[in-house]
Each structure stands twice: as C-alpha cells, then as structure tokens.
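One structure is given here, and the rest of the page talks about it.
The values are calculated or read from the model by the stated rules, or taken from the named source; none is laboratory data. All figures in this text were calculated on a predicted structure; none of them were measured in a lab. No Cβ is skipped: glycine too gets one built from the backbone with ideal geometry, and neighbour counts run over all protein chains shown.
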C-alpha cells in the first residue's frame, strides 16, 4: 500500500475556481502542483491566461507555469514527456501529486497516453495552409466542422493550428482526428483520481465576465498590444488575445473587443465542459465542497 502513487487531477472550465482548491489540496497533502493548462506555459502571456498570482505561486511549488517562451515550439507529446518526468520527481518525495488545468487534450495525454497518428503527406498540409491564408478562419472552422463534428465540439476554434491539424489528418487518412484519440491506454506507475469542478451556468458565466473585467483593469489590452507584433505565433492564437488583436487591426472598436472577449471566454468554458463530461471517471463537485472533496480523496486512497 505504501508504494501506491496517486495523481489528483482537478479539471473544469475557466474561472470555475480550480486554483483555490488546488492550493488547499497541495497544503493539505504536502505536495506540489503541475499545470496542464496549455496557455499558462508561456511566460510572456500573463493576464490573458489567468495564471495563479505571484503570491500563490510562492505558497506551493508549481511546475509548467512560465516554463516556455512564445517563440518555442511545444506540443502535447513534449508535454506528456515533461509532465511524466516532473511527476517522477514529485513521487520520489511523496505519494500524492496534483495536476490541474482546463486543457483536456493535455490532461488525457498524461493520464492515458497518446495514440499514434499516421504521418500525413506534407503537400496536404501546405495546401491547407495556403487555403487558410486565402480564405480565413471561418472557412477553416467550417471545413473541420464538416470533416469531424465530434472534434469541432471540443477544439479551441480560435486556434488555427489545432484546426489545420484535424483537417490534415482527415484529408490524409480519410479518418476523423477524433477517432485516433485515446484508443489504447498507456500504463502509468500512478493511479489517477479525477475531480471535476462545475457551477451553475449563470454563476459561472458571471464569474467569467467579472474576471475579464478584472483582467482588463489590470492591463490586458496593454499586454496584448506588446504581443501584437508576434500575433502570428501559435501560442497567441487563443481566446483572450485574438479578440484584442482584431481591435488593434481596426476591425472593430474597443467596446466590441470587450464583448467578444467575454462571449468567447464563455464559449470556451462550454467546450471545456463538453470535453470533460465525456469522461465517466471524473467525480464532479461544486468548488465550495472542499471538505467533501478531501473526504472523497481520502476514501479513494484508503
């Protein structure tokens, strides 16, 4: 029994309250936190990704936050390798580790491993990139929706790299990108306890709008302006920045940018929940049920 290792995975939509719970769990179980939030890896992106505060990061050791530059190429395979290595280090000191974030693909990769997706003819990718540059994001979204409606339901639709990857696999193999995901589970040397956090929809959306107002007050537009010259980078193709880049390009006014920031963040939260709801192993709680969550974890470990 003493040798059993447990990964407590805390997932849920943006602004639901994962940070607060994870800090308390990490203190309770005297352990460390690993992020599987693909937007928080990048040190140049602070306000738009809702990272834990400097004070929170100092309370408990955190991993994979501010670990990359937006200039670095990074994908879910590299994440899987890095996160497993970090967990090995944590498990040498203690039997419990915590991982949290809203990136379902990254969480799945760590717990279950990744399926091998066949190599695709590079000419197919070149053609998709050329079409995207000519016809734009809406064309790309429409093509993926037709080719793979299941993946389209959960993918970040503002991220052209993810959309192009799905379309490339479909055109190259004739099979949906979603059909390759997590067929054979990898063997891990730890057991996963999955906790999902959710709130009443109106309460969650109110928190998202409130958080966006706080980000804007803290200087989100100014941060996006500094990053604007690099907006072509994959890391920046995400909710929280794309909307402000459109404003800076003169496509609409600031008021419309704020409306889009809030709307797209709510839509992003909805897609996150759609993704996590597919996993029957997740035990769902309201973030205020911290006593019940601790009791449930202790019962699973015992």
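Residues in the range 9-23 that are in contact with a strand residue (DSSP E or B) (Cβ under 9 Å, 6 or more places away or on another chain) and outside any loop (DSSP other than H, G, I, E, B): how many?
8
The residues listed here are 243, 249; of these, the one that is assigned by TED's automatic domain parsing to the domain that holds residue 18, without any contact (Cβ under 8 Å) to a residue 40 or more places away in the chain and within 28 Å of residue 11 (Cβ to Cβ) is 243.
Just checking, which of 199, 188 is in the same structural domain as residue 103 (by TED's automatic domain parsing) and within 20 Å of residue 285 (Cβ to Cβ)?
199
Do the conditions hold for residue 114, that is, is it surrounded by 15 or more Cβ atoms within 10 Å (Cβ to Cβ) and assigned to a helix (DSSP H, G or I)? The answer is no for residue 114. Here residue 290 fulfils each of the conditions (1) at pLDDT 95 or above; (2) surrounded by 13 or more Cβ atoms within 10 Å (Cβ to Cβ); (3) closer than 24 Å to residue 49 by Cβ apart from (3). Just one of the numbered conditions (1) surrounded by 15 or more Cβ atoms within 10 Å (Cβ to Cβ); (2) under 21 Å from residue 271 (Cβ atoms) is not true of residue 128: (2). Each residue in the range 42-53 was checked for being free of Cβ contacts under 8 Å to residues at least 40 places away in the same chain and touching a strand residue (DSSP E or B) at 6+ places or on another chain (Cβ under 8 Å), and 2 pass. Hey, does the range 280-291 have a residue that's under 19 Å from residue 103 (Cα atoms) and part of a helix (DSSP H, G or I)? Within the range 280-291, not a single residue is under 19 Å from residue 103 (Cα atoms) and part of a helix (DSSP H, G or I).
Against the definition (within 17 Å of the chain's Cα centre (by Cα), surrounded by fewer than 18 Cβ atoms within 10 Å (Cβ to Cβ) and assigned to a helix (DSSP H, G or I)), how does residue 138 come out, yes or no? Spell out the reasoning first.
Numbers: within 17 Å of the chain's Cα centre (by Cα): no; surrounded by fewer than 18 Cβ atoms within 10 Å (Cβ to Cβ): yes; assigned to a helix (DSSP H, G or I): yes.
It is false that residue 138 is within 17 Å of the chain's Cα centre (by Cα), surrounded by fewer than 18 Cβ atoms within 10 Å (Cβ to Cβ) and assigned to a helix (DSSP H, G or I).
Of all residues in the range 224-250, those satisfying the criterion of being outside any helix (DSSP H, G or I) and touching a helix residue (DSSP H, G or I) at 6+ places or on another chain (Cβ under 9 Å) are 231, 233, 237, 238, 239, 240, 241, 249.
Could you tell me which of the residues 59, 44, 32 is modelled with pLDDT of 95 or more, under 30 Å from residue 228 (Cβ atoms) and touching a helix residue (DSSP H, G or I) at 6+ places or on another chain (Cβ under 8 Å)?
Details: 59 fails: under 30 Å from residue 228 (Cβ atoms); 32 fails: under 30 Å from residue 228 (Cβ atoms).
None of the others qualify; the one that does is 44.
Inspect the range 24-40 for any residue being closer than 19 Å to residue 301 by Cα, out of contact with any strand residue (DSSP E or B) (no Cβ under 6 Å at 6 or more places or on another chain) and crowded, with 20+ Cβ neighbours inside 10 Å and give the result as yes or no. Checked against the condition, which is being closer than 19 Å to residue 301 by Cα, out of contact with any strand residue (DSSP E or B) (no Cβ under 6 Å at 6 or more places or on another chain) and crowded, with 20+ Cβ neighbours inside 10 Å, the range 24-40 yields at least one hit.
Listed here are the residues, each with its yes/no results for (1) under 22 Å from the mean Cα position of the chain (by Cα); (2) under 30 Å from residue 292 (Cα atoms).
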{"position": "128", "(1), (2)": "no, no"}
{"position": "134", "(1), (2)": "no, no"}
{"position": "145", "(1), (2)": "yes, no"}
{"position": "150", "(1), (2)": "yes, no"}
{"position": "157", "(1), (2)": "yes, no"}
{"position": "169", "(1), (2)": "yes, no"}
{"position": "172", "(1), (2)": "no, no"}
{"position": "198", "(1), (2)": "yes, yes"}
{"position": "215", "(1), (2)": "yes, no"}
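Results for (1) modelled with pLDDT under 95; (2) at negative phi; (3) surrounded by 14 or more Cβ atoms within 10 Å (Cβ to Cβ), shown as yes or no for each residue.
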| residue | (1), (2), (3) |
| --- | --- |
| 247 | no, yes, yes |
| 252 | no, yes, no |
| 271 | yes, yes, yes |
| 278 | yes, yes, no |
| 294 | no, yes, yes |
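Going through (1) out of contact with any helix residue (DSSP H, G or I) (no Cβ under 9 Å at 6 or more places or on another chain); (2) within 20 Å of residue 193 (Cα to Cα) one by one, residue 96 falls short only on (1).
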